[in-house]
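Colleague: One structure is given below, represented as structure tokens, and several questions about it will come after.
A short reminder: the numbers here are calculations on the coordinates, not readings from a lab. Since we're looking at a predicted model, the values are computed, not measured. We place every Cβ from the backbone using ideal geometry, glycine too, and count neighbours over all the protein chains shown.
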Amino acid sequence: MKKIVLAGGSGFLGQVLARHFNEKGWDAVILTRGDDPKFAEGRPVQWDGETIGPWTSELNEADVLVNLCGKSVNCRYRRRNREAILQSRIRPTRVLAKSLRELENPPSVWLNASSATIYRHSFDTPMDETDGELGHGFSVEICRAWEDAFFEAELPATRRIALRTSMVLGHGNNSVFPILARIARCGMGGKLSHGNQMTSWIHERDFARAIEFAIDDEDIAGPLNLTAPAPVTNSVFMKTLRQSLRIPFGLPHIKPMLEIAAWIMRTETELTLKSRFAIPAKLLSHRFVFNYPFLDEAFENLTRRTPSQELPTEPALTLPRL
Ligand SMILES: NC(=O)c1ccc[n+]([C@@H]2O[C@H](COP(=O)([O-])OP(=O)(O)OC[C@H]3O[C@@H](n4cnc5c(N)ncnc54)[C@H](OP(=O)(O)O)[C@@H]3O)[C@@H](O)[C@H]2O)c1
């Protein structure tokens, strides 16, 4: 039986992956700080995300390590939150690197979360892994420090992949899709500000399939954009969501309104107003085929099934229309 260790696997993306690999007969281990884990998928093993402990034995002879740890960025970027966002990513990454250095048989592949927000604010230039320009500002600095911590250690036996993931659309807790769907159903699902900001996204099913693909393809290493090949403007994103929900209209949100709403909801407008224009050049050049390359198909799938409904094991393949 193959074994995958998911650090921070109790959250949205970890549960998507645990389910995907469990369905394939893998042993999925979740490293969690919780002492009473309530998540559905995976075998919980306790750790503190900071220090070496008995949990490291789970990594010896595991096939794959995926690290998804990180405090949610959906909060006000005050000094204390900024520090917590940074440390909750750097510390688990460093302690995992330290543990791999000490193991006799470390996993041959380690995939570490990062984010497509590492690229600059771009309206017209798509950002790929080779020519994409890194941006500036708090979120970008977090991603840079995160990737630096990931690649700094000498780990000759382990191939490393930094997952520059865009917004993952799925049903799980902490996913943005159920929140957006609720807003749209209330008639509030219009464009945000001018609506020209680009939105990169990926369906949860393709997120898991792309990770499996990267594990299997030994030539994939370094940064990897996990995002669908057809990003859209925010205006098209919200319109496509409304169409899939059969909602005829959505009130647009002007920028000052968004600032007030973000303050009330204890979040930041950067999450919705930054133009994220990442494309999956590396995945496509390695011939990965997306099941959901287009947003209308992704939303149709998500709105037509409830969270508890099983995803088909092998949905029909659709070739990207690029
Ligand atoms: N969801 C997306 O669309 C998306 C897009 C791009 C990048 N990402 C990144 O991908 C990662 C996973 O995303 P997600 O949506 O699954 O997040 P999530 O649901 O918030 O899960 C993250 C997990 O990290 C663990 N964690 C939090 N603070 C920690 C700390 N200080 N030390 C150790 N572990 C800690 C928690 O596990 P325990 O409490 O069980 O220990 C939590 O379940 C995050 O780093 C996120 O920034 C997500």
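Colleague: Between the alpha-carbon centers of region 14-59 and region 246-264, tell me the distance in whole angstrom.
Modeller: Going from one Cα centre to the other spans 38 Å.
Colleague: Running a GNM on the chain with Cα contacts under 10 Å, which residue among 147, 104, 204 ends up with the highest mean-square fluctuation?
Modeller: In the Gaussian network model the winner is 104.
Colleague: Mind checking which lysines have their C-alpha under 23 Å from residue 239, skipping anything on the same chain fewer than 8 residues away?
Modeller: The reachable lysines, counting only those whose Cα sits under 23 Å from residue 239, are 191, 255, 274.
Colleague: With +1 on each Lys and Arg Cβ and -1 on each Asp and Glu Cβ, how big is the dipole of the chain about its Cα centre, in debye rounded to the nearest 20?
Modeller: 1440
Colleague: With every atom except the alpha carbons ignored, what do you get for Rg and Dmax of region 1-144, in angstroms?
Modeller: Rg and Dmax of region 1-144, Cα atoms, are 16.3, 49 Å.
Colleague: Out of region 208-296, which chymotrypsin sites (Phe, Trp or Tyr not before Pro) are coil in DSSP terms and have no more than 12 other C-beta atoms within 10 Å?
Modeller: Values: sites: 213, 237, 249, 263, 277, 288, 290, 294; in loops: 249, 277, 288, 290, 294.
Within region 208-296, the qualifying chymotrypsin sites (Phe, Trp or Tyr not before Pro) (loop, at most 12 other Cβ atoms within 10 Å) are 249.
Colleague: While we're here: How big is the chain by the Kirkwood estimate over distinct Cα pairs, in Å?
Modeller: 20.2
Colleague: In region 119-161, with Lys and Arg counted as +1 and Asp and Glu as -1 at Cβ, which of these residues, 138, 156, 127, has the Cα nearest the positive end of the dipole, that is, farthest along it?
Modeller: 156
Colleague: Under a cut-off of 15 Å between alpha-carbon atoms, report the aspartates and glutamates in cross-link reach of residue 3, not counting same-chain residues fewer than 8 places apart.
Modeller: The reachable aspartates and glutamates, counting only those whose Cα sits under 15 Å from residue 3, are 23, 27, 41, 58, 61, 63, 212, 216.
Colleague: Then there is this: Given region 148-227 reduced to its alpha-carbon atoms as identical point scatterers, what log10 I(q)/I(0) does the Debye formula return at q = 0.23, 0.27 Å⁻¹?
Modeller: -1.13, -1.30
Colleague: Can you spot the lysines whose alpha carbon is less than 19 Å from residue 71's alpha carbon? Ignore those fewer than 8 places along the same chain.
Modeller: Within the straight-line cut-off, residue 71 pairs with 38.
Colleague: Could I ask something else about it? With a point put 7 Å past each Cα toward its Cβ, work out how far residue 265 is from residue 102 in nm, to one decimal.
Modeller: 4.3
Colleague: In nanometres, what is the gap between the two model label sites at residue 148 and residue 27, each 7 Å from Cα along Cα-to-Cβ?
Modeller: 3.7
Colleague: Residue 2 to residue 194: FRET efficiency via 1/(1 + (r/R0)^6), r the Cβ-Cβ distance, R0 51 Å, to the nearest 0.05?
Modeller: Efficiency at R0 = 51 Å is approximately 0.60.
Colleague: Trypsin sites (Lys or Arg not before Pro) within region 177-267: which are DSSP loop residues with at most 10 other Cβ atoms inside 10 Å?
Modeller: Hits after loop and neighbour filter: 246.
Colleague: Between residue 251 and residue 61, what's the calculated FRET efficiency when r is the beta-carbon distance and R0 is 45 Å? Round to 0.05.
Modeller: 0.25
Colleague: Go through region 51-95 and name the GluC sites (Glu not before Pro) that are in a DSSP coil and have 15 or fewer other Cβ atoms within 10 Å of their Cβ.
Modeller: Passing both the DSSP loop test and the Cβ count: 61.
Colleague: Further question: Beyond 15 Å, how much of the Cα-Cα pair distribution for region 64-146 remains, as a whole percent?
Modeller: So the portion of pairs separated by more than 15 Å is 64 percent.
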